[in-house]
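Every read-out reported here was derived from the displayed coordinates using simple, explicitly stated rules and does not represent laboratory data. For clarity, every value in this text was computed on a predicted model and none was experimentally measured. Neighbour counts are summed over all protein chains in view; Cβ atoms, including those assigned to glycine, are modelled from backbone coordinates with ideal geometry.
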């Protein structure tokens with residue numbers, strides 16, 4: 001196996017993102033998960049631009065996070081439905097990441113979100129080495145972990161405190177603050193794309209819903225119509 005150049009310039013014989021499998025061959029479990037990930041990414045983008053004017057951050061959607069060497073290699077990864085890593089370059093050596101490799105990156109995700117499609121046992125599994133909950137808490141040590149259940153219209157958010165996950169209580173808006181990002185997570189009942197569901201969404205720390213690009217454009221168009229301006233004439 002060839003050596004890989006790490007971001008710190010240290011030569012390593014460990015495999016990098018170009019040498020590890022980018023999939024374990026499993027399917028996305030339901031058709032709601034993909035639009036849910038897009039909704040989260042689209043609406044948080046203006047916040048991340050303010051937090052990172054240098055554009056040094058990474059978002060993963062159903063992508064592998066490699067945290068240990070195993071055989072086969074994909075057994076050493078977890079693939080959260082959505083995660084955010086601050087203060088890392090958007091690409092490595094000009095290449096889009098095939099996966100996120102901790103021994104190559106060194107920076108753990110700030111938040112990981114899992115979308116439950118079964119009974120939730122997998123997402124709450126604390127079995128050492130193999131359980132998702134244990135891996136995020138004890139191995140990767142993700143500061144915030146969210147478990148979203150569309151069937152129950154609920155989300156649990158945990159914060160890593162003193163080495164263990166503690167369940168965050170909801171605030172008076174029924175949201176869960178993610179203070180390092182200046183945002184809150186919560187459930188929003190409404191229509192996104194062509195689905196009316198209880199969606200997982202972001203709010204700012206003042207309780208304002210973070211809108212998607214399409215929602216912002218529709219709001220602008222409505223304001224223009226109030227001023228008797230045809231939005232189509234501005235195109």
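When the alpha carbon gyration tensor of region 100-210 is reduced to an equivalent ellipsoid, the three semi-axes, largest first, read 24, 17, 13 Å. Residue order for 63, 117, fewest other beta carbons within 10 angstrom first, comes to 117, 63. Note on residue 95 and residue 173: the model spin-label points, each 7 Å out from Cα along the C-beta direction, lie 4.1 nm apart.
Using Cβ contacts closer than 10 Å as the measure, can you line up 34, 175, 87 from fewest to most?
Values: 34 15, 175 21, 87 12.
Lowest count first: 87, 34, 175.
Paramagnetic label reach from residue 45 (point 7 Å along Cα→Cβ; backbone nitrogen cut-off under 11 Å): within region 58-102, no residues.
Values of log10 I(q)/I(0) for region 4-210 across q = 0.09, 0.15 Å⁻¹ run -0.34, -0.99, by the Debye formula with one identical scatterer at each alpha carbon and no solvent. Panel order for 62, 119, by other beta carbons found within 10 Å of each beta carbon, from fewest to most: 119, 62.
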